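Asks: I have a structure here, written as structure tokens, and I will follow up with some questions on it.
The values are calculated or read from the model by the stated rules, or taken from the named source; none is laboratory data. Treat the numbers as computed from the prediction; the structure is a model and nothing was measured. For accessibility, only protein heavy atoms count, side chains too; no ligands or nucleic acids. Shrake-Rupley method; radii C 1.70, N 1.55, O 1.52, S 1.80 Å.
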Amino acid sequence: MANSRFEYVKQFETHDKLLPDCYIVVRVDGKKFHEFSKYYEFRKPNDERALKLMNACAKNVVTKYKTDMILAFGESDEYTFILKKDTALFNRRSDKIATLLGSLFTSNYVFLWNKFFPETPLNLKHLPYFDSRCVLYPNLPIVKDYLSWRYVDTHINNLYNTVFWELIQKCGMTPQESEQRLCGTLSSEKQEILFKDCGINYNDEPEMFKKGSLITRRGEILHIDVIKKLDELFEGF
């Protein structure tokens, strides 16, 4: 491109480079997905179609940047991508990594929507969109703790949502009554309520709901106990 007298404006641009020799975690998160899922009538407590759509989008992101990826983990309307500590992806520019992974994920979500929701076309007034952020972690133990945190969060949220919605759908409670019934209960108590009041054994729920979805560099989608497999998942990194 030819130089011009207006090119001086480029000096106002800033590019934040992420520190070297640190693991980069990019978390992509749905914005206003409560409203989005309500408009498209996602099934409660879990919509298998929506979760598989998220997995398909994440798999495409991992596949495209597999040389830089360690793994990805997702639950609900969020996905985490863990990049190698020595990655030079986009020259480690924070804005580039966050925006391009976020936009790639979003474009896949729109493109693949009809495959998972063939009878529900997207409405231009209710489109999906995601934000994304980069977080640096200095060593592998902290990265493992981060992934463990997201895994435990999956269990806590899914158990609560499962009991909450089953009390409404099977026991005829209002949302307020269901919330009050669960207030202050421990995990074991929630499972007991689910079994005694709704006739559901939480252990029999689909693994994807309980454990989230982990995608390897090879594109495998697994539903496993992440904490038990940490050493294996990060072997060599």
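Asks: Counting helices only, and only those DSSP H runs with n ≥ 4, report the 222 nm mean residue ellipticity of the chain as the sum of -39,500 (n - 2.57) divided by its residues, in deg cm²/dmol to the nearest 500.
Replies: Here the helix-only value at 222 nm equals -14000 deg cm²/dmol.
Asks: A follow-up question, please. Any idea how far the Cα center of the range 165-233 sits from the one of the range 85-100, in Å?
Replies: Measuring centre to centre over Cα atoms gives 35 Å.
Asks: How long are the semi-axes of the ellipsoid equivalent to the range 55-139, from square roots of 5 times the Cα gyration tensor eigenvalues, in whole Å, largest first?
Replies: Here the semi-axes work out to 26, 13, 11 Å.
Asks: Rank these by accessible area, largest first, 1.4 Å probe: 133, 93, 5, 43.
Replies: If we order 133, 93, 5, 43 from most to least accessible, we get 5, 43, 133, 93.
Asks: What list of ³J(HN,Hα) values in whole Hz, one per residue of the range 44-52 in order, does the Karplus curve 6.51 cos²θ - 1.76 cosθ + 1.60 (θ = phi - 60°) give from phi, with Gly and Pro shown as x?
Replies: Rounded to whole hertz, the list is 10, x, 9, 10, 4, 4, 5, 5, 5.
Asks: How much of residue 48 can a 1.4 Å solvent probe reach, expressed as accessible area in Å² and rounded to 10?
Replies: Looks like 90 Å² after rounding.
Asks: With all protein chains present, how much of the accessible area of the range 1-147 (probe radius 1.4 Å) comes from carbon and sulfur, to the nearest whole percent?
Replies: Within the range 1-147, the accessible surface is 54 percent carbon and sulfur.
Asks: Return one whole number: the accessible area per residue of the range 110-237 in Å², for a 1.4 Å probe.
Replies: 60 Å²
Asks: If you roll a 1.4 angstrom probe over the protein chains with everything in place, what fraction of the accessible area of the range 149-237 belongs to carbon and sulfur, to the nearest %?
Replies: Carbon-and-sulfur percentage of accessible area, whole number: 51.
Asks: Something else about it: In whole percent, what relative contact order does the chain give with Cα contacts below 8 Å and a gap of six or more residues?
Replies: Reported relative contact order: 27 percent.
Asks: What shape does the range 117-237 take by its C-alpha gyration tensor, where a ≥ b ≥ c are the square roots of the eigenvalues and a/c under 1.5 counts as rounded, a/b above b/c as prolate, and the rest as oblate?
Replies: In terms of gyration-tensor shape, oblate.
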